[in-house]
Amino acid sequence: MTTLVPVTYKGGVYRHDEIMDLIDDLGGYIVQKHVMAQDVVLQSFVPRDDIDLIREVAKPLAGEVVEAPLVGTEIAVVSPSLEIHHLPHTACDIAEYLRRAGAKTNMVGLARGFGKRIANLNDEERDVINEHDLAVYALGSFEECIRQKFPVLRRGIQVPIVVTGAPDRETLVRAIDPPVEGYVGGVGRIMHRFKRPEELAKLDELVDEVSRTLDARRDALARDPLSVFPPRLMAIIEEQLPEVSMLTHPTPVTAQMEGLRVKLPYDLYADDIRSLAVTADGAVTVGDIADVLPSRMRNYILIRIKPFSETRILV
Amino acid sequence: MPPLNYFVVESPDAVGREAYERIAGDVLQDLDLIKVIDRLHIYVDPKVPIFVAAGLLRHMPRAIRVSNFANVNIGEKMIVLDIGDETYLAPLLRQLWARYGKENVDQPDRFTVVLPAGVAGEEELEQMVVADPSETLYKDVIYALQYIAPEGFKVRRQYIKDEKFYYVASEDTLPGDIVEAMVRPIFAKMGVTL
């Protein structure tokens, strides 16, 4: 079986459809396509052996192919509030940087995430964060505050967490009990755009920490693979459900590590999605290999793909 | 950031102290208050929890009068105001309308305002206060301190008068003697009595 690796293609609009066709022909998947003025960014999965071929085809088009470890993941960037104290810097800069590494990021601004005594997390915030592959918590400057309020902010969160804060990594590790999956120290509340080399180095460190955490999850998934690879299911939905192409969202179907988020109303489309045929003969439907659930994010649909061990089906 | 004459951030948490020094610097720079503030002392302790900022303003801008931006020419039939700087034209017109009525205030072009002769004397017009920039400056300084202080510190007490200002905030109720207990000693460190 060919291994698909996450890559980002950056190039011009001119003849980019050739690259898209090539990725398709090679058996790869395009998870996200961004057209910005004359530039195109394709987040995709391609067979490892064919990366050089894509590079060769892209050469005359001045396109470049880089490995992007976070393609196909949806990450929540959690900010203690939407006040000027925490935004736009830190949280937005983190979200933007993770996006460059291929992730689809969503900002979650908590209603009451500030103050060490009064901080809390409501059920909607908890459920929304739990719908992601990983949560990055952008916390503040004082060790004391992080120590006191973090247990509240993580209550009920089941996805891996990476914490950022001003204290150094060792202090964060000491302050947070039980431990989380990743720590990046020296970030905290920053009131200017991240531009100095040491600040950008911190963001690189964060990307490494996030990809390390997600790699561990991927390894676990490899032992009990999903019944269908999420980008493959995404291609099936896009092909069979024409309504998806009419949505104006930047990512009408968002790929996650273990599922998909479809930005169509649950009440109207859940049954249609459940009955979509996954195999050519129509013997297997989406409903057989995945749970189609209502998302807490607006009225979207969340698809959680079941593992092979549960369905005994591998598409 | 060009240094204030005195800028100290104190905190029992060394990392937090450094972070707040940068936060304060960035905020003052963003809001263009570095030239306005002369001295600033911040004390922040998350364990109490308390945030105190105290300082001095460099000089308060004076009230803007008509003579600061316009020439008053008294003629036989009319009084002509020759506007040099349009910044305060809108508040000036609003005041003239209120005082002399819209029908008596004519503005033939951008830089000229005409009043009928005899409604006001030259001295009276020249000394008329049009705007007081210190009012908005007070708001800006308090806003900046609110912005610097940790967000959870919602309970606050603020003061700004005669170039001295302080801002005390906490997550819990502030004790009644907080000014005597914490703010006065900070002013003393800057060599000022509150």
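In the set B:Phe7, B:Phe51, only one residue is within 14 Å of chain A (Cβ to nearest Cβ), assigned to a strand (DSSP E or B), of a type in the set (A, V, I, L, M, F, W, C) and out of contact with any Asp or Glu (no Cβ under 6 Å at 6 or more places or on another chain); that residue is B:Phe51.
Checking each residue in the stretch A:189-228 for being within 14 Å of chain B (Cβ to nearest Cβ) and either aliphatic (A, V, I, L, M) or part of a loop (DSSP other than H, G, I, E, B) (or both) picks out A:Arg189, A:Ile190, A:Met191, A:His192, A:Arg193, A:Phe194, A:Lys195, A:Arg196.
Against the test of being under 20 Å from B:Glu126 (Cα atoms) and open to solvent by less than 10 Å² (accessible area, probe 1.4 Å), the options B:Ile79, B:Ile23, B:Ile37 yield a single qualifying residue, B:Ile79.
Examine the stretch A:120-128 for a residue that is under 27 Å from A:Glu67 (Cβ atoms) and surrounded by fewer than 23 Cβ atoms within 10 Å (Cβ to Cβ), and state whether such a residue exists.
The first filter runs over the stretch A:120-128 and keeps only residues under 27 Å from A:Glu67 (Cβ atoms), leaving none.
Within the stretch A:120-128, not a single residue is under 27 Å from A:Glu67 (Cβ atoms) and surrounded by fewer than 23 Cβ atoms within 10 Å (Cβ to Cβ).
Within the stretch A:88-132, the set of residues being of a type in the set (S, T, N, Q) and in contact with a Leu (Cβ under 7 Å, 6 or more places away or on another chain) comprises A:Thr105 only. Every condition in (1) more than 18 Å from A:Leu110 (Cβ to Cβ); (2) of a type outside the set (S, T, N, Q); (3) open to solvent by less than 10 Å² (accessible area, probe 1.4 Å) is met by A:Phe150 except one, and the failing one is (1).
The set of residues from the stretch A:73-100 being more than 19 Å from A:Arg261 (Cβ to Cβ) and more than 14 Å from chain B (Cβ to nearest Cβ) comprises A:Cys92, A:Ile94, A:Glu96, A:Tyr97, A:Arg100. Looking across the stretch B:17-48, the residues that are more than 7 Å from every other protein chain (Cβ to nearest Cβ) and in a loop (DSSP other than H, G, I, E, B) come down to B:Leu31, B:Asp32, B:Leu33, B:Ile34, B:Lys35, B:Val36, B:Val48. Is it the case that the stretch A:248-265 has a residue that's free of Cβ contacts under 8 Å to residues at least 40 places away in the same chain, surrounded by fewer than 18 Cβ atoms within 10 Å (Cβ to Cβ) and either part of a helix (DSSP H, G or I) or hydrophobic (A, V, I, L, M, F, W, C) (or both)? Checked the stretch A:248-265: no residue is free of Cβ contacts under 8 Å to residues at least 40 places away in the same chain, surrounded by fewer than 18 Cβ atoms within 10 Å (Cβ to Cβ) and either part of a helix (DSSP H, G or I) or hydrophobic (A, V, I, L, M, F, W, C) (or both). A single member of A:Val163, A:Val187 is modelled with pLDDT of 95 or more, touching a Gly at 6+ places or on another chain (Cβ under 8 Å) and within 18 Å of A:Leu87 (Cα to Cα), and it is A:Val163.
Residue-wise test of (1) under 23 Å from the mean Cα position of the chain (by Cα); (2) basic (Lys, Arg); (3) buried (at least 20 other Cβ atoms within 10 Å of the Cβ); (4) at pLDDT 95 or above.
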| site | (1), (2), (3), (4) |
| --- | --- |
| A:Val31 | yes, no, yes, no |
| A:Gln38 | no, no, no, no |
| A:Val57 | no, no, no, no |
| A:Gly63 | no, no, yes, no |
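Filtering the stretch A:138-169 to residues that are in a helix (DSSP H, G or I) and either within 14 Å of chain B (Cβ to nearest Cβ) or under 22 Å from the mean Cα position of the chain (by Cα) (or both) leaves A:Glu143, A:Glu144, A:Cys145, A:Ile146, A:Arg147, A:Gln148, A:Lys149, A:Phe150, A:Val152, A:Leu153, A:Arg169. In the stretch A:103-116, the condition of being within 14 Å of chain B (Cβ to nearest Cβ), open to solvent by less than 10 Å² (accessible area, probe 1.4 Å), without any contact (Cβ under 8 Å) to a residue 60 or more places away in the chain and within 25 Å of A:Lys263 (Cα to Cα) is met by at least one residue. Test B:Val72 against the stated conditions and say whether it is open to solvent by less than 40 Å² (accessible area, probe 1.4 Å) and within 30 Å of B:Glu126 (Cβ to Cβ). Yes; evaluated as a whole, the condition is true for this residue. From the list B:Thr136, B:Thr112, the lone residue that is β-branched (Val, Ile, Thr) and over 18 Å from B:Leu56 (Cα atoms) is B:Thr112. Scanning the stretch B:9-20 for residues that are more than 13 Å from B:Lys47 (Cα to Cα), of a type outside the set (Val, Ile, Thr) and buried (at least 18 other Cβ atoms within 10 Å of the Cβ) returns B:Arg17, B:Ala19, B:Tyr20.
Residues that are within 14 Å of chain B (Cβ to nearest Cβ) and either touching a Cys at 6+ places or on another chain (Cβ under 6 Å) or outside any loop (DSSP other than H, G, I, E, B) (or both) are absent from the stretch A:40-51.
Contact annotation: residue pairs with Cβ atoms under 7 Å, 6 or more positions apart or on different chains, pairing a residue in the stretch B:160-182 that is away from chain A (no Cβ under 14 Å) and of a type in the set (Lys, Arg) with a partner that is outside any loop (DSSP other than H, G, I, E, B) and surrounded by 11 or more Cβ atoms within 10 Å (Cβ to Cβ), are B:Lys164/B:Leu56. Only one of the listed residues (B:Ile148, B:Ile178, B:Ile186, B:Ile142) is under 22 Å from A:Gly115 (Cα atoms) and surrounded by 19 or more Cβ atoms within 10 Å (Cβ to Cβ). That residue is B:Ile148. In the stretch A:235-247, the qualifying residues are those that are over 17 Å from A:Asp24 (Cα atoms) and open to solvent by 80 Å² or more (accessible area, probe 1.4 Å), and the one that is nearest to the chain's Cα centre (by Cα) is A:Ser245.
None of A:Ile30, A:Ile23 is touching a helix residue (DSSP H, G or I) at 6+ places or on another chain (Cβ under 9 Å) and either in the same structural domain as A:Ser245 (by TED's automatic domain parsing) or outside any helix (DSSP H, G or I) (or both) except A:Ile30. If I filter the stretch A:176-185 for residues that are open to solvent by 20 Å² or more (accessible area, probe 1.4 Å), in contact with a strand residue (DSSP E or B) (Cβ under 9 Å, 6 or more places away or on another chain), part of a loop (DSSP other than H, G, I, E, B) and without any contact (Cβ under 8 Å) to a residue 60 or more places away in the chain, do I get at least one hit? Yes, there is a match, as at least one residue in the stretch A:176-185 is open to solvent by 20 Å² or more (accessible area, probe 1.4 Å), in contact with a strand residue (DSSP E or B) (Cβ under 9 Å, 6 or more places away or on another chain), part of a loop (DSSP other than H, G, I, E, B) and without any contact (Cβ under 8 Å) to a residue 60 or more places away in the chain. Restricted to the stretch B:107-194, the set of helices (runs of 4 or more DSSP H) holding at least 1 residues that are over 21 Å from B:Phe7 (Cβ atoms) comprises B:122-126, B:133-148.
The values are calculated or read from the model by the stated rules, or taken from the named source; none is laboratory data. As the structure is a computational prediction, the values presented were derived from the model and not from experiment. Don't worry about glycine lacking a Cβ; one is built from the backbone with ideal geometry, like all the others, and counts go over all protein chains shown. Just so you know, the surface numbers come from the protein's heavy atoms only, side chains and all, with ligands and any DNA or RNA stripped out. Shrake-Rupley method; radii C 1.70, N 1.55, O 1.52, S 1.80 Å.
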